[in-house]
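Beneath this line is the structure, given in structure tokens, with notes to follow.
The values are calculated or read from the model by the stated rules, or taken from the named source; none is laboratory data. Owing to the predicted nature of the structure, the values given are computational and were not obtained by experimental measurement. Positions of Cβ are backbone-derived with ideal geometry, glycine not excepted, and every protein chain shown enters the neighbour counts. The protein model used for the area step is the full one, side chains on, heavy atoms only, and it has no ligands, DNA or RNA in it. Shrake-Rupley method; radii C 1.70, N 1.55, O 1.52, S 1.80 Å.
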Amino acid sequence: MAWRALRLVGPVLAPLCPRLSSLRVLSARRLTTSSLVLSARKFTDKHEWITVENGIGTVGISNFAQEALGDVVYCSLPEIGTKLSKHDEFGALESVKAASELYSPLSGEVTEINAALADNPGLVNKSCYQDGWLIKMTVENPAELDELMSEDAYEKYIKSIED
């Protein structure tokens with residue numbers, strides 16, 4: 001809130017305090033560069049999502065998928081170093097209602113698994129887009145991202161399969 005007020009009065013006070021105008025320029029520059037480094041969340045038709053930051057993709061399942069599964073009680077994830085091609089099965093989630101295979105949204109190599117899921121698989125339900133991520137992987141072919149759905153396209157896809 002204070003930052004918004006500073007942005008509003010900054011131009012008025014800038015002649016009196018030159019540091020205000022430089023702060024505004026720095027913040028705009030920071031926002032521009034961060035948007036180039038972090039990609040928007042993309043989705044597969046099998047309900048996995050991926051975001052890419054500095055060439056590393058973070059993969060998880062969508063809110064729709066975790067709701068359909070119910071309470072997740074077990075996560076089977078690949079070993080670090082596993083090489084995946086797009087659409088390869090890389091693990092499974094088990095819930096009190098069902099089991100569901102996990103498929104890689106892109107080609108690359110697993111660099112990290114979410115170790116917290118071993119003791120607390122319910123994180124997938126509680127925070128599927130943040131704490132409940134599944135794996136991190138290199139992005140071998142960035143053009144594959146263009147084949148995935150945007151968040152808006154995924155929402156339309158969900159509505160089409162629910163009808």
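General observations
- Reported count of residues in segment 147-163, each being assigned to a loop (DSSP other than H, G, I, E, B) and free of Cβ contacts under 8 Å to residues at least 12 places away in the same chain, is 1.
- Residue satisfying condition, being touching a helix residue (DSSP H, G or I) at 6+ places or on another chain (Cβ under 8 Å), open to solvent by 40 Å² or more (accessible area, probe 1.4 Å), of a type outside the set (S, T, N, Q) and at pLDDT 95 or above, within set Asp119, Asp88, Asp131: Asp131
- Residues that are assigned to a loop (DSSP other than H, G, I, E, B) and buried (at least 20 other Cβ atoms within 10 Å of the Cβ), drawn from segment 52-67: Ser62
- Within segment 40-57, residues that are touching a residue at least 60 places away in the same chain (Cβ under 8 Å) sit with their Cβ atoms under 9 Å from residues that are part of a strand (DSSP E or B) and of a type in the set (D, E, K, R), at 6+ positions apart or across chains, in these pairs: Trp49/Lys42; Ile50/Lys42; Val52/Lys42; Ile56/Glu112; Ile56/Lys136; Gly57/Lys136.
- Residue, nearest to Ser85 (Cα to Cα), within segment 108-146, restricted to residues that are touching a residue at least 12 places away in the same chain (Cβ under 8 Å) and hydroxyl-bearing (Ser, Thr, Tyr): Thr138
- Scoring Thr111 on the criteria (1) under 19 Å from the mean Cα position of the chain (by Cα); (2) assigned to a loop (DSSP other than H, G, I, E, B) leaves a single failure, condition (2).
- Among the residues of segment 68-84, those that are more than 19 Å from Cys128 (Cβ to Cβ) and either in a strand (DSSP E or B) or open to solvent by 60 Å² or more (accessible area, probe 1.4 Å) (or both) comprise Glu79, Ile80, Lys83, Leu84.
- Filter pass, Leu145 being open to solvent by 20 Å² or more (accessible area, probe 1.4 Å) and within 15 Å of Gly57 (Cα to Cα): yes
- The set of residues in segment 91-108 that are open to solvent by less than 40 Å² (accessible area, probe 1.4 Å) and part of a strand (DSSP E or B) comprises Gly91, Ala92, Leu93, Ser95, Leu102, Gly108.
- Ala65 being in contact (Cβ under 8 Å) with a residue 24 or more places away in the chain and of a type outside the set (Asp, Glu): yes
- Considering residues of segment 39-51 that are open to solvent by 20 Å² or more (accessible area, probe 1.4 Å) and not acidic (Asp, Glu) only, the residue nearest to Asp88 (Cα to Cα): Lys46
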